Every structure is written in C-alpha cells, then in structure tokens.
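The next block holds one structure in the form of structure tokens; read it before the comments.
The values are calculated or read from the model by the stated rules, or taken from the named source; none is laboratory data. Keep in mind that this is a model prediction, so the values were computed, not measured. Cβ placement follows ideal geometry from the backbone for every residue including glycine, while neighbour counts extend to all protein chains displayed. Note: areas computed on protein heavy atoms with side chains; ligands, DNA, RNA excluded. Shrake-Rupley method; radii C 1.70, N 1.55, O 1.52, S 1.80 Å.
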Amino acid sequence: FILVGQSNMQGKGSIEHLEQLVTENPTQYGHLKKNGRWIKRDDVWIKYWDKKGPLTVGYGSPDNRIGPELGFGQIMGDALDNQILIIKVAWGGQSLALDFRPPSSGKPTFPINEKLQKRIDSGEYQVGGRFRQMIREVKTTLANLADLFPDYNGRGYEIAGLIWFQGFNDVINDNYRKEYRTNLSNFIRDVRKELGTPRLPVVIGELGMAGVKVDPRYAHKHYAIREAQQAPSQMPEFAGTVGYARTSPFVVEQGKAYDGGYHYRGRADTFYNIGISFGRAM
C-alpha cells in the first residue's frame with residue numbers, strides 16, 4: 001500500500017498524547033502497547049524514506065509523531081492474511097497544482113509568480129517533480145525488497161492500493177483550487193499508468209482539518225476542495241475502485257493541542273482515527 005501526500009500524511013500526531021490515550025482509554029488504544037512497550041507488527045512492514053521496519057509509532061515527522069499509517073496498518077493487518085508493506089511518500093507544503101502535478105495535466109495555465117518562474121527557468125524547480133519522485137521511490141523500494149526487508153520471501157508483490165491525503169497548499173490558492181478536481185483525476189490515471197495497475201484501488205482522504213462546520217470566512221474554499229476530492233469516487237470511470245474517506249469528524253476542537261492550530265492540532269487520537277478511516281475505506 002502506498003501512502004502519499006503532504007504534511008498531514010507525514011504525520012503530526014503527538015506520541016506524548018498517544019501515551020496518555022493508552023492509559024486513559026485502554027479499550028480503544030491499549031492494544032498498541034504490551035508490557036510497557038509499543039507493539040511492533042511483524043505482519044505489517046513500513047518504509048518511510050530512510051526508516052524501515054515493523055509498523056510501530058515514530059513514523060511521523062518528526063520522529064516523536066505518528067501519521068495515518070499507524071491506524072491504517074492496524075486495520076489492514078487485521079483484515080489480510082498477507083504480509084503487508086506500507087510505502088509512505090510525503091513532503092510538507094506541497095501542492096497538487098504544481099509539485100505533484102500529474103503529467104497528463106500538462107503545463108499550468110494559470111500565472112506563475114516571478115520568483116518561482118525563475119527557479120523553473122534555471123532548472124532548480126520542476127513542475128510535477130514530486131510526482132516523479134513518488135513513482136521513483138515506489139519502484140526503487142519494490143525492486144529492493146530483499147535488501148530492505150530480510151524476511152521477505154521473494155515470492156513477488158501486489159500493489160494493492162494507494163491513499164492520497166493532501167490539499168492545504170491548494171485550498172489557499174484560488175488557481176490551484178479551481179484545477180483540483182481535474183488534477184486529482186489525472187493523478188489517479190497517471191499513477192495507475194506508471195505502476196502498471198489499471199484498476200489500482202485509491203482512497204482520497206478529505207482535507208478536513210477545518211472541522212465538519214468550517215469557519216464561514218473560509219468555508220467556500222474548504223467545501224470546494226472537499227467536493228473536488230470526493231468527485232473521482234462519483235465518476236463512472238472510477239466506479240468501485242476509488243473511494244473517499246472523511247477526516248473532519250475526527251477533529252477535536254476542545255482539549256489540548258499539540259501542534260498549534262495546524263495539522264489537526266497534532267492530536268494522536270485524530271491521526272489514529274484518520275488512519276482507521278483510510279483502512280476501512282480501502
């Protein structure tokens with residue numbers, strides 16, 4: 001399974017908060033620890049850049065954080081008999097309109113600011129560069145499974161699904177936001193083409209950090225992105241192979257925040273439940 005996106009996919013859920021949840025709510029979170037230590041799932045492996053191993057806490061950014069991978073891995077590990085590998089590819093502050101721009105979207109038709117245009121002209125920045133890096137990371141990982149995971153049995157693999165969790169850099173830019181539906185649909189098509197998986201299951205995670213009821217000052221932007229994110233799951237072309245997972249219901253507006261007003265307030269319960277939502281949708 002491939003997990004792709006920007007900072008919320010990197011993961012900002014506080015492990016300090018998760019420690020509290022294990023103690024205060026053992027029914028929901030107690031299974032994550034045994035004998036005072038975080039459980040490591042040998043049936044679910046993860047690779048996130050230079051970190052790899054059995055799934056456990058600490059695969060967020062920075063290391064004292066968790067991302068959606070933790071909850072997602074619990075659901076998939078319990079549901080499937082196969083050995084599972086999660087390949088997470090995420091960078092903070094990336095747009096779909098430029099950074100992850102899929103090849104079939106072509107060159108941007110909206111104006112690009114002078115500073116960025118200079119970086120493009122000099123070759124320092126490439127439109128769609130993160131898309132190509134993502135594909136490269138996935139292919140390189142799959143080509144080196146035996147070296148990365150010594151317990152791999154060499155019997156091959158199936159690319160079984162992709163989770164997309166991104167949107168903040170596009171929601172705040174009018175031009176990016178208007179293109180989001182088209183770019184997301186092209187992203188799905190192009191990923192499938194690049195990986196040779198014409199019916200690859202894809203789950204789109206809602207950009208829900210503003211909560212179920214968005215502040216009226218910003219509501220039109222967030223609801224527009226959410227509509228664009230849900231659209232592919234409603235297209236006949238993607239029927240039965242593309243899903244949409246809400247994340248806004250897991251926003252906790254009261255209580256302690258662990259990341260200011262950003263990244264779902266850095267709460268471990270929110271990120272864990274988002275991962276559960278992704279797993280169930282997949």
Search result, residues across segment 45-65 that are aliphatic (A, V, I, L, M) and either over 13 Å from G13 (Cα atoms) or not in a loop (DSSP other than H, G, I, E, B) (or both): I46, L55
Cβ-Cβ under 7 Å pairs, at least 6 apart or on other chains, segment 99-116 side hydroxyl-bearing (S, T, Y), far side surrounded by fewer than 21 Cβ atoms within 10 Å (Cβ to Cβ): S104/N186; S104/R189; S104/D190; S105/T182; S105/N186
Wholly within segment 120-218, helices (runs of 4 or more DSSP H) carrying at least 3 residues that are of a type in the set (A, V, I, L, M, F, W, C) and within 22 Å of the chain's Cα centre (by Cα): 129-143, 174-195
Sole residue being of a type in the set (G, A, S), open to solvent by less than 40 Å² (accessible area, probe 1.4 Å) and without any contact (Cβ under 8 Å) to a residue 24 or more places away in the chain, chosen from A219, A239, A231, A245: A219
Total residues in segment 1-55, condition within 28 Å of L142 (Cα to Cα), among the hydroxyl-bearing types (S, T, Y) and more than 17 Å from the chain's Cα centre (by Cα): 0
Filter pass, E137 being under 18 Å from Q10 (Cα atoms) and open to solvent by less than 80 Å² (accessible area, probe 1.4 Å): yes
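Regarding Q74, is this residue in contact with a strand residue (DSSP E or B) (Cβ under 9 Å, 6 or more places away or on another chain) and more than 24 Å from L195 (Cα to Cα)?
yes
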Search result, residues across segment 184-198 that are hydroxyl-bearing (S, T, Y) and without any contact (Cβ under 8 Å) to a residue 40 or more places away in the chain: T197
Condition broken by D42, with the remaining ones in (1) outside any strand (DSSP E or B); (2) surrounded by fewer than 23 Cβ atoms within 10 Å (Cβ to Cβ) satisfied: (1)
Scope segment 176-206; condition polar (S, T, N, Q) and open to solvent by less than 60 Å² (accessible area, probe 1.4 Å); matching residues: N183, S185, N186, T197
Any hit, segment 150-167, residues being of a type in the set (S, T, N, Q) and crowded, with 19+ Cβ neighbours inside 10 Å: yes
Residue within segment 71-81 that is part of a loop (DSSP other than H, G, I, E, B) and buried (at least 22 other Cβ atoms within 10 Å of the Cβ) present: no
Lone unmet requirement of (1) within 17 Å of I163 (Cβ to Cβ); (2) open to solvent by 60 Å² or more (accessible area, probe 1.4 Å) for H31: (1)
